[in-house]
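Heads up, the thing below is written out as structure tokens.
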Amino acid sequence: MQHLSQSPTDPGFVQNPYPFYDHARAQGAFFVWEDYGMVCATSFSVVDAALRSRKLGREIPAELRTEPPEHIRPFMEFESRSLLELEPPAHTRLRAPITRAFTSRRIAGLAPDIAALAHQLIDRFPDQPFDLLPAFAEKIPVIIIARLLGVPEDMADQFLAWSHDMVAMYQANRSAATEAAAVVATLAFSDYMRAHIAHRRTHPGDDLITTLLAAEQDGTGLTGDEVITTAILLLNAGHEATVHVIGNGVRALLHSGLPVAPLMAADRVAATVEETLRFDPPLHMFTR
């Protein structure tokens, strides 16, 4: 098996990782990425099989677990309750009430709100060049997810700040300052959600947190801490992925050399979005 080295923080790699990916695939279905200290799969068939196999998973077996360093323990304990870190049956139990809440009818009902919000943000665009991410891409997902959860929209900027600090823990070669900021954000975000959830227990609404609390109360769903973790996960993971989908997609269209208007026609827009997701996805690697 070939051993390859490529710093994930190298600016050239960050801007265009695909030459390295091409080189890695040419070595075979697997290679050792020395900078991560991990074996990586490169072919679609192998990756697909690995993701489907019950022999592989996210949870570390109990006999192999080690205690996290004390200074990041609050963050790691929070993450241990995340859907992204669990396997069945725990994953199934946590996912069930979310799946029931995200019905096709409810998702379709979001479309008018999303379209109206998009138009409002576009109408605020300045006449001179500007950064699309803070002006548009960051705002849409966090506001819509806040509405789904039933948390105040005027907290959107604070949610973004906490989210950025927590998600930074997944960056390569993170610093001690990054770890400290992630712990502060985890505790602050959890405290905020705990207070909001306590309010929802006595003042239920037509939102996802109320649905999750109903599952907690009937004994089939989430504990209080799991409700907090799941709500924050939806804000963090849902927001981060959508921001980069929008940013990468717009960049791909602008650099494609193709006329953009025909690709945005009503009968082609769904295929265009699907292709941008395939062409330059927001997440390039996932570990098992």
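The values are calculated or read from the model by the stated rules, or taken from the named source; none is laboratory data. Here the structure is a predicted model, which means the values were calculated and not measured. Note that each Cβ is placed from the backbone with ideal geometry, even for glycine, and that neighbours are counted across all protein chains shown.
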Checklist entry - Of the residues that sit in the range 125-178 and are crowded, with 20+ Cβ neighbours inside 10 Å and of a type in the set (Phe, Trp, Tyr), which one is farthest from the chain's Cα centre (by Cα)? => result Phe136
Next on the checklist: From the list Ile60, Ile72, exactly one residue is modelled with pLDDT under 90 and either surrounded by 10 or more Cβ atoms within 10 Å (Cβ to Cβ) or touching a helix residue (DSSP H, G or I) at 6+ places or on another chain (Cβ under 8 Å) (or both). Which is it?
Outcome noted: Ile60
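For every residue, the table says whether it meets (1) at pLDDT below 90; (2) within 20 Å of Leu83 (Cβ to Cβ); (3) of a type in the set (Asp, Glu).
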{"site": "Thr220", "(1), (2), (3)": "yes, yes, no"}
{"site": "Thr223", "(1), (2), (3)": "yes, yes, no"}
{"site": "Leu253", "(1), (2), (3)": "no, no, no"}
{"site": "Asp267", "(1), (2), (3)": "no, no, yes"}
{"site": "Glu275", "(1), (2), (3)": "no, no, yes"}
{"site": "Pro282", "(1), (2), (3)": "yes, yes, no"}
Item to check | Hits in the range 22-43 - residues which are surrounded by 10 or more Cβ atoms within 10 Å (Cβ to Cβ), without any contact (Cβ under 8 Å) to a residue 24 or more places away in the chain and within 24 Å of the chain's Cα centre (by Cα) | outcome: Ala41, Thr42, Ser43
Next on the checklist: Restricting to the range 5-34, name every residue that is touching a Leu at 6+ places or on another chain (Cβ under 9 Å) and assigned to a loop (DSSP other than H, G, I, E, B).
Outcome noted: Gln27, Glu34
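Here is a yes/no grid of residues against (1) assigned to a helix (DSSP H, G or I); (2) under 15 Å from the mean Cα position of the chain (by Cα); (3) not aliphatic (A, V, I, L, M):
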residue	(1), (2), (3)
Ala185	yes, no, no
Ala188	yes, no, no
Asp191	yes, no, yes
His199	yes, no, yes
Pro204	no, no, yes
Ala252	yes, no, no
Ala266	no, no, no
Arg278	yes, no, yes
His284	no, yes, yes
Item to check | Matching option when the condition is in contact (Cβ under 8 Å) with a residue 40 or more places away in the chain and surrounded by fewer than 16 Cβ atoms within 10 Å (Cβ to Cβ), among Asp191, Asp206, Asp267 | outcome: Asp206
